[in-house]
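The values are calculated or read from the model by the stated rules, or taken from the named source; none is laboratory data. From a predicted model like this one, the values you see are computed outputs, not experimental measurements. Using ideal geometry, Cβ is built from the backbone for each residue, glycine included, and neighbour counts are taken over all protein chains shown. To get the accessible areas, we keep the full protein, side chains included, count just its heavy atoms, and leave off ligands, DNA and RNA. Shrake-Rupley method; radii C 1.70, N 1.55, O 1.52, S 1.80 Å.
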Amino acid sequence: MRNKVSAGRCNEFVIRCANVNGTGSASANVLLAKAFYRMGLPIAAKNMFPSNIQGLPTWYEIRVSEAGHTGRRGSVDLTVAMNPQSFREDVAGVCSGGYILYDSTKPLNPAVKRDDVTFLGLPFIEMVRQHADPRQRLLFKNICYVGALSALLAIEFEVLTALLGEKFRGKQKLITPNIEALTAGRDAALAAFACPLPFYAERRDLIGDKILVSGNKACALGCVYAGATVAAWYPITPSTSLVEEFGKYCAAYRVDEASGHNKVAIIQVEDELAAIGAVIGAMWNGARAFTATSGPGLSLMSEFLGLAYYAEIPTVLFNVQRTGPSTGMPTRTQQSDIIAAAYASHGDTKHVLLFPSSPRECFEFAIVAFDLAERLQTPVFVMCDLDLGMNTWLSEAFVWDESYRPDRGKVLDYAALESGTSFDRYLDVDGDAIPYRTYPGTHPSRGAYFTRGSGHNKYGRYTEDSSQYTENVDRLRRKFDTAATLVPEALIEATPGSSLGILYFGTTAEPMREALEGLGQRGIQLDALRLLAFPFTEGVLKFIEQHQTVFVVEQNRDAQLRTLLLAEAGIAPEKLISVLYYGGLPVTAEFLIDSVREHVAPEDHVAVTGVAS
């Protein structure tokens, strides 16, 4: 059953632009999204593109929501259907009462028509016939449909022309024909249709100081602020742009003014194993270094990650997750590397994971990741996903504390070694299971040690003695307990009188906010916990203990987070109910509401006391 468009909706609608990949539509679609943003309206922009370079269907969804709901809605009110290959599918995906804007240069196939949808045809190809270059005709056709939408949705025309002026600043030869195409589309729509449509945009002041930015770009900037000077990588979707953005920032802020020399090393290596190896080597030598990858790359890096864990070398890795297994769907999103990252490598290993849900947290957690890696002398993963990494998000502005100083952890300097401070590389001196380390070359005769991935004791010496080996790996397990006291604590929203909890993480945060509102309107109240890190903090365990039932929401098939909770926290399996979405598109509030309602009736929950707020 299709959703239905309700009449008279101001600033609450979803439009989808259906294009052919490689036709230059991205610029036009981003122009649209920025126009709503400039009108002070909360938006969510989702780019759903194929993994080939050119030719297959691509979709760009823009949700405008005065209520501030910026998760993907799923249903569509208006589709700009510019792709003959996906036209039938695009028509089928529109809400009852919705609209299809299409190119009427060629007659519409009667077989694809729906009686409950209004078809708005404009001859876009005819509007751009004056351009001799076929590529230019494609580009200006896209701008024409933006112009038509400005009339249909009451988008302020001056905002669009200003954005074009900014994009092509100093290139009047490009500005003029783009504005002409924009005007042609607008005038044609005004002449042909009653404008605006029953749903439309109207200027508000709801943005404040929020910015439009992708998670990958935010991670890259966080690395700059954290003091990273080495990035080693092998390109892989969807993480490639993270290192590319880091390179752009470094070109602006990591160049010596006097000599013009770079103060950063960005190394594109032959494969992912080499990338993580270079990061480990740089961090061992005292630099702040990182790599970025996705699931297939993580698999290849696992052997070296075991070395970093066992030899206790700080390592930072950004895992921008996509669908798997194997190649999977490289341009679709999932949260399916949780187990692979938490226990990466053979043998007994446990790694610290951070789960950002917004670009601002990507920025902040990038810095936290370096501090934790050096404090704990262990690999730390920032677990993004394609939706967060590659899409443009409406984000809280980033905040920087000028008093920040990097936490380099327990490092003995020259003065400490010269004064005779005792140094044994893997000795637990302070009772927190974190040993002291030195940088190579700190002292000419003291502080040296042999870094090895083979059996070693607390003094750093090679051993195959069972008791010495177990003593050392038991300390590593205790160090993970220390990590649980250092990672970010989960965020909890409590609702008085509920015995039901829901636990989620990452990009589920935006649709979850809308879902909790919807469930509350249906008489179902839940306490909500957003997980920020693994190992699980005391607050996570208390939250689960205090609730009769906890829904665990994750975007993978095999309930990986629930599996981790059962394995690490000893929770009764019947207490945790999985809510699983793994189709590759961002999860919606509607899916979350329906999934919870399958298990809960409004009268099922009773009061719970002592829940943190």
Study note, to complete from the structure: Computed ³J(HN,Hα) along the stretch 101-118: with the Karplus parameters 6.51/-1.76/1.60, θ = phi - 60°, integer Hz and x for glycine or proline, the list is 9, 9, 8, 8, 4, 10, x, 7, 5, x, 5, 9, 6, 10, 6, 9, 10, 9
Point to revise | Nearby aspartates and glutamates by direct alpha-carbon distance to Lys410 (threshold 14 angstrom, same-chain neighbours under 8 apart not counted) | key: Glu312, Asp371, Glu374, Asp424, Asp428, Asp430, Asp432
Check your understanding: Got a sec? Charge dipole of the chain, +1 on Cβ for Lys and Arg, -1 for Asp and Glu; which of Ser445, Leu585, Asn178 is way out at the positive end?
Key -> Asn178
Study note, to complete from the structure: Taking GluC sites (Glu not before Pro) in a DSSP loop with at most 10 other Cβ atoms within 10 angstrom as exposed, one finds the longest site-free stretch of the chain at 1-256
Review point. What shape does the stretch 318-461 have by the C-alpha gyration tensor, where a ≥ b ≥ c are the square roots of the eigenvalues, rounded means a/c under 1.5, and otherwise prolate means a/b greater than b/c and oblate the rest?
Key: oblate
Review point. How big is the convex hull of the Cα atoms of the chain, per residue, in Å³?
Key: 179
Exercise for review: Determine the share of the chain's accessible area contributed by carbon and sulfur atoms, expressed in whole percent, with a 1.4 angstrom probe.
Suggested key: 51
Revision key, fill the gap. Largest-first ranking of Met329, Met383 by accessible area, probe 1.4 Å, whole protein assembly kept, is Met329, Met383
Check your understanding: Going by accessible area, probe 1.4 Å, with all protein chains left in place, what is the ranking of Leu108, Leu503, largest first?
Key -> Leu108, Leu503
Revision key, fill the gap. To the nearest 10 degrees, the tilt of helix 157-167 (Cα long axis) against the first principal axis of the alpha carbons of the chain is 50
**Study point:** Given Lys141/Lys171; Lys217/Lys263; Lys106/Lys217; Lys46/Lys141, the pairs whose alpha carbons are separated by over 30 Å
**Key:** Lys106/Lys217
Check your understanding: Looking at the square roots a ≥ b ≥ c of the eigenvalues of the Cα gyration tensor of the stretch 1-142, which shape do they give, rounded for a/c under 1.5, prolate if a/b is larger than b/c, or oblate?
Key -> oblate
Point to revise | Environment charge of Thr508, counting only residues whose C-beta is closer than 9 Å and scoring Lys/Arg +1, Asp/Glu -1 | key: -1
Exercise for review: Using only alpha carbon pairs under 8 Å that are at least six residues apart, calculate the relative contact order of the stretch 204-291 and give it in whole percent.
Suggested key: 37
Practice item. For the stretch 139-213, just say rounded, prolate or oblate: build the C-alpha gyration tensor, square-root its eigenvalues into a ≥ b ≥ c, call rounded for a/c under 1.5, and beyond that prolate if a/b exceeds b/c, oblate if not. Key: oblate
Check your understanding: Whose amide H sits under 5 Å from the amide H of Ser104, counting only residues 5 or more places off or on another chain, with H placed in the peptide plane?
Key -> Leu122, Phe124
Review point. How high is the relative contact order of the chain, given as a whole-number percent (alpha carbon pairs under 8 Å, six or more residues apart)?
Key: 12
Exercise for review: Enter the accessible area per residue of the chain (Å², integer; probe 1.4 Å; all protein chains in place).
Suggested key: 41
Point to revise | Ranking by accessible area, most exposed first, for Ile267, Ile280 with a 1.4 Å probe | key: Ile267, Ile280
Practice item. Kindly report, to the nearest 10 Å², the accessible surface of Arg461 as traced by a 1.4 Å probe over protein heavy atoms only. Key: 140
Check your understanding: How big is the stretch 430-523 by Rg and Dmax over its Cα atoms, in Å?
Key -> 23.4, 71
Point to revise | Hits among lysines - C-alpha to C-alpha of Lys575 under 28 Å, sequence gap 8 or more where chains match | key: Lys350, Lys542
Review point. Hey, what's the Cα Rg ratio for the stretch 165-209 versus the globular rule of thumb, 2.2 N^0.38 Å?
Key: 1.61
Check your understanding: ³J(HN,Hα) across the stretch 459-474 via Karplus (A = 6.51, B = -1.76, C = 1.60, θ = phi - 60°), whole Hz, x for Gly/Pro?
Key -> 8, x, 8, 4, 8, 10, 6, 4, 5, 5, 5, 5, 4, 6, 6, 5
Exercise for review: Name the residues whose placed amide hydrogens come within less than 5 Å of the amide hydrogen of Ser214, ignoring near sequence neighbours (fewer than 5 apart) on the same chain.
Suggested key: Trp393
Check your understanding: Counting Lys +1, Arg +1, Asp -1, Glu -1, what net charge surrounds Phe124 among other residues with beta carbon under 14 Å of its beta carbon?
Key -> +1
Practice item. Please calculate the 1.4 Å probe accessible area of Lys458, with all protein chains present, and give it to the nearest 10 Å². Key: 60
Exercise for review: Enter the mean projected area of the convex hull around the alpha-carbon atoms of the stretch 496-597, in nm², rounded to one decimal.
Suggested key: 6.2
Exercise for review: Take every DSSP beta bridge whose two residues both sit in the chain, then give the antiparallel share in percent to the nearest 5.
Suggested key: 35
Study note, to complete from the structure: Rounded to two decimals, the Debye log10 I(q)/I(0) of the stretch 117-248 (Cα scatterers, no solvent) at q = 0.20 Å⁻¹ is -1.08
